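What follows is a short report on a single structure.
The values are calculated or read from the model by the stated rules, or taken from the named source; none is laboratory data. Predicted model, so just to flag it, every value in this text is computed and none were measured. Virtual Cβ from ideal backbone geometry, glycine too; neighbours counted across all protein chains shown. Each accessible area value is taken on the protein alone, full model and side chains, heavy atoms only, with ligands, DNA and RNA left out. Shrake-Rupley method; radii C 1.70, N 1.55, O 1.52, S 1.80 Å.
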Amino acid sequence: MSLNSWQKPTIGCTKINVDGSLSRCGSRAAIGGVARGPSSDWLFGFKVSVSFIDIFQIEAKVVFEGLRLAWNKGFRQVELESDNALLI
């Protein structure tokens, strides 16, 4: 298995994958993510349109939103994947 491919979370954990994207022709951005359980089952997903400030704030917002939703749904052991290593 390649290190660049998705891997299951450890047993007892929920894995959240998040990302943000920018519109090239406007001042909007989209954030979204998906949460999966240890057997790769889909638990929940989300997507939100937000106003653009800067890319770091967009990435921080998607991480926050993913963790907030997981906490509100009762998940306490969470692994988070993002393409923003600095933020993580």
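Across segment 12-24, the qualifying residues are those that are closer than 11 Å to F75 by Cβ and either open to solvent by less than 40 Å² (accessible area, probe 1.4 Å) or β-branched (V, I, T) (or both), and the one among them that is farthest from the chain's Cα centre (by Cα) is C13. With respect to L43, determine if the residue is within 22 Å of P9 (Cα to Cα), open to solvent by 50 Å² or more (accessible area, probe 1.4 Å), touching a Lys or Arg at 6+ places or on another chain (Cβ under 8 Å) and at pLDDT 90 or above. Yes: the conditions hold for L43. Selection within segment 52-69: residues that are of a type outside the set (D, E, K, R) and open to solvent by 70 Å² or more (accessible area, probe 1.4 Å). The member of this set that is modelled with the highest pLDDT is L67.
Every listed requirement among (1) among the small types (G, A, S); (2) exposed (fewer than 12 other Cβ atoms within 10 Å of the Cβ); (3) in contact with a strand residue (DSSP E or B) (Cβ under 7 Å, 6 or more places away or on another chain); (4) touching a residue at least 40 places away in the same chain (Cβ under 8 Å) is met by S27 save one, (4). Looking only at segment 70-86, filter to residues that are exposed (fewer than 15 other Cβ atoms within 10 Å of the Cβ) and of a type in the set (A, V, I, L, M, F, W, C); which one of those is farthest from V34 (Cα to Cα)? That would be L86.
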